[in-house]
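A single structure is presented below for examination.
The values are calculated or read from the model by the stated rules, or taken from the named source; none is laboratory data. The structure presented is a predicted model; accordingly, all values stated were derived computationally and were not measured. Backbone-built Cβ (ideal geometry, glycine too); neighbour counts: all protein chains shown.
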């Protein structure tokens, strides 16, 4: 299945890199776990076979947060999928973006890189992922390295919801 249409005018890609003291397979297994609610991702559960062209659905608190489609899979080193916020709303209206995970050994550590691309110019979604990916992957690192995970809400959940409300107001003002 081809990648979604690229926006003619785009915001820059968002790139985040973290080094984790775990083998690549362990990181791959955590990223592609479709059975459990993941504490390191605010209790989000993803439903997918992780096979190319199959859907991926992210659920949190019983509701669908986002949907996508698996575009590429090279276990345990690379996974690419579309990322489309559930609608309605300004984030949903932007259409799908693209998430790429790259997992590479680096000495006794493993590098996990996320590249989130295809944001339209002035994207509201990109602003959200700038805070989301560091919290998510810092949490993953903590769990995989045997640490105790703080609750996601301790990482600014209320702040995130307030930011979403602000984005909705800004979006409405731009349309007016």
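Looking at region 119-129 only, could you name the residues that are over 17 Å from residue 165 (Cβ atoms) and part of a helix (DSSP H, G or I)?
Across region 119-129, the qualifying residues are 126, 129.
Where residues in region 105-124 are in contact with a helix residue (DSSP H, G or I) (Cβ under 7 Å, 6 or more places away or on another chain) and under 22 Å from residue 72 (Cα atoms), which of them is surrounded by the most Cβ atoms within 10 Å (Cβ to Cβ)? Outline the logic, then answer.
Step one: list which residues in region 105-124 are in contact with a helix residue (DSSP H, G or I) (Cβ under 7 Å, 6 or more places away or on another chain), which gives 105, 110, 112, 114, 116, 119, 124.
Then keep just the ones that are under 22 Å from residue 72 (Cα atoms); that gives 105, 110, 112, 114, 116, 119.
Values: 105: 11, 110: 22, 112: 25, 114: 20, 116: 20, 119: 22.
Among those residues, the one meeting the criterion is 112.
May I pose another question? Quick one: which strands (runs of 3 or more DSSP E) sit completely within region 12-65 and have at least 1 residues that are under 17 Å from the mean Cα position of the chain (by Cα), within 21 Å of residue 127 (Cβ to Cβ) and touching a residue at least 12 places away in the same chain (Cβ under 8 Å)? Step through it out loud before you land on a result.
Values: elements: 14-20, 45-47, 55-60.
Fully inside region 12-65 and qualifying: 14-20, 55-60.
Kindly establish whether residue 148 is within 23 Å of residue 19 (Cβ to Cβ), under 13 Å from the mean Cα position of the chain (by Cα), without any contact (Cβ under 8 Å) to a residue 40 or more places away in the chain and not in a helix (DSSP H, G or I). Lay out the reasoning, then the answer.
Details: within 23 Å of residue 19 (Cβ to Cβ): yes; under 13 Å from the mean Cα position of the chain (by Cα): no; without any contact (Cβ under 8 Å) to a residue 40 or more places away in the chain: yes; not in a helix (DSSP H, G or I): yes.
The answer is no for residue 148.
Additional query: Would you pick out the residues in region 74-83 that are surrounded by fewer than 20 Cβ atoms within 10 Å (Cβ to Cβ) and either without any contact (Cβ under 8 Å) to a residue 24 or more places away in the chain or under 21 Å from residue 6 (Cβ atoms) (or both)?
First, the residues of region 74-83 that are surrounded by fewer than 20 Cβ atoms within 10 Å (Cβ to Cβ): 74-78.
74, 78, listed by residue number.
Could you figure out which of (1) modelled with pLDDT under 85; (2) more than 18 Å from residue 68 (Cα to Cα) isn't true of residue 89?
Unmet condition: (2).
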